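S.K.: Take a look at the following structure, please.
The values are calculated or read from the model by the stated rules, or taken from the named source; none is laboratory data. The structure presented is a predicted model; accordingly, all values stated were derived computationally and were not measured. Reconstructed Cβ throughout: ideal geometry from the backbone, glycine too, with neighbour counts over all protein chains shown.
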Amino acid sequence: MATGPTPPVVGLVAVTYSPGPALAGLLDSLPAAYAGELRVVLADNGSTDGSVEQAAQRAGVRLVRTGGNLGYGGGANAGVRALEPGIDWVVIANPDLVFAAGAIDRLLECADRHPAAGAFGPLITTPDGVVYPSARNLPSIADGVGHALCGWWWPTNPWTRRYRLDAQEPRERIAGWLSGSCLLVRRRAFEQVGGFDEAYFMYFEDVDLGDRLARAGWANVYCPSARVTHAGGHATEREPGPMAVAHHRSAYRYLATRHPARWQAPLRWALKAGLGARALLASRLHKVAAGAELPDRHVPGPAAGPPAGQG
């Protein structure tokens, strides 16, 4: 009987920081997610709840201590560096994901269709099946300001809709950037651009990565044939104030580094003042921190797995 090509060995890097029982849900979903061999690295930023030590007892799971809380991008970079050099494909995942059956297989099939792409993102849903807008346009100044100012009280405003592409049904397409909560990356492309920029402690590291990949000639491709469920919000729920500050600081860094000219200094000053004021408001009002509500779009078919909240 004829057999197909052997699936490549795929690395999976999960950045952990006391992830609790959600991590077991991620690991439990992996055998059905990929027909080939997975090498799992837990890039741990300082967990204290015992969950990562327990997970590391599983076959094929390796615990890598990063030496401190490096943030999401720094932890992911450390995890990728810990993988064997011969591993060409890497899934970077939040520890509170649950993969649908065949999800990693579908991502690799999508990669075969797009040899000039460097990153591939699945369709991400909340545990109740609402589609998360995980493949977006790169934020312009106008859309970014409109989204930040209006999204939390007017989620259907034109800036948010244009930035998040809320009117589009999920389909395979080129995106400006893909959610870092679940990415398949072509390791050669990821390493060519230096991985995540570790100056972003949390938030916007995925926006920045998508932009830098595109500038280097690699596309970012949305692959909704692959599905995952994301609980999300664990770090934000534990430390809402600091996370609000981190979000706005990262937003400023992203926009400021895209407008570095001396004559653009007044724009950077305005952005810093505006984002600082919004960060203060978001640290005190949960509705502002939560941002724009998700479009009421559900996908048919079975859920990606048992509930692992909103990404």
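S.K.: Determine whether the range 34-48 contains at least one residue that is surrounded by fewer than 21 Cβ atoms within 10 Å (Cβ to Cβ), within 21 Å of Pro127 (Cβ to Cβ) and of a type in the set (Asp, Glu).
M.R.: Scanning the range 34-48, I find no residue that is surrounded by fewer than 21 Cβ atoms within 10 Å (Cβ to Cβ), within 21 Å of Pro127 (Cβ to Cβ) and of a type in the set (Asp, Glu), so the answer is no.
S.K.: Give all pairs with beta carbons closer than 8 Å in which a residue from the range 75-89 that is within 17 Å of Val193 (Cα to Cα) meets a residue that is in a helix (DSSP H, G or I) and of a type in the set (A, V, I, L, M, F, W, C); count only pairs at least 6 apart in sequence or on separate chains.
M.R.: Val80/Phe190; Trp89/Leu108; Trp89/Ala111
S.K.: Listed residues Ala100, Ala55; which is touching a Leu at 6+ places or on another chain (Cβ under 6 Å), crowded, with 21+ Cβ neighbours inside 10 Å and farther than 24 Å from Tyr203 by Cα?
M.R.: On the way: Ala100 fails: touching a Leu at 6+ places or on another chain (Cβ under 6 Å).
Among Ala100, Ala55, only Ala55 is touching a Leu at 6+ places or on another chain (Cβ under 6 Å), crowded, with 21+ Cβ neighbours inside 10 Å and farther than 24 Å from Tyr203 by Cα.
S.K.: If you go through the range 71-97, how many residues are hydrophobic (A, V, I, L, M, F, W, C), surrounded by fewer than 20 Cβ atoms within 10 Å (Cβ to Cβ) and over 12 Å from Leu42 (Cα atoms)?
M.R.: The qualifying residues number 1.
S.K.: Then there's this: For the range 131-147, name all the residues that are closer than 20 Å to Ala256 by Cα, touching a Phe, Trp or Tyr at 6+ places or on another chain (Cβ under 9 Å) and outside any loop (DSSP other than H, G, I, E, B).
M.R.: Hits for the range 131-147 are Arg136, Ala142, Asp143, Gly144, Val145, Gly146, His147.
S.K.: Tell me whether the range 45-64 contains one or more residues that are closer than 29 Å to Leu213 by Cα, out of contact with any Cys (no Cβ under 8 Å at 6 or more places or on another chain) and among the polar types (S, T, N, Q).
M.R.: yes
S.K.: Any chance the range 205-216 includes a residue that's surrounded by fewer than 18 Cβ atoms within 10 Å (Cβ to Cβ) and touching a helix residue (DSSP H, G or I) at 6+ places or on another chain (Cβ under 9 Å)?
M.R.: Yes, the conditions are met somewhere in the range 205-216.
S.K.: List the number of the failed condition for Pro170; all other conditions in (1) modelled with pLDDT under 95; (2) within 30 Å of Ala270 (Cβ to Cβ) hold.
M.R.: Of (1) modelled with pLDDT under 95; (2) within 30 Å of Ala270 (Cβ to Cβ), only one is false for Pro170: (2).
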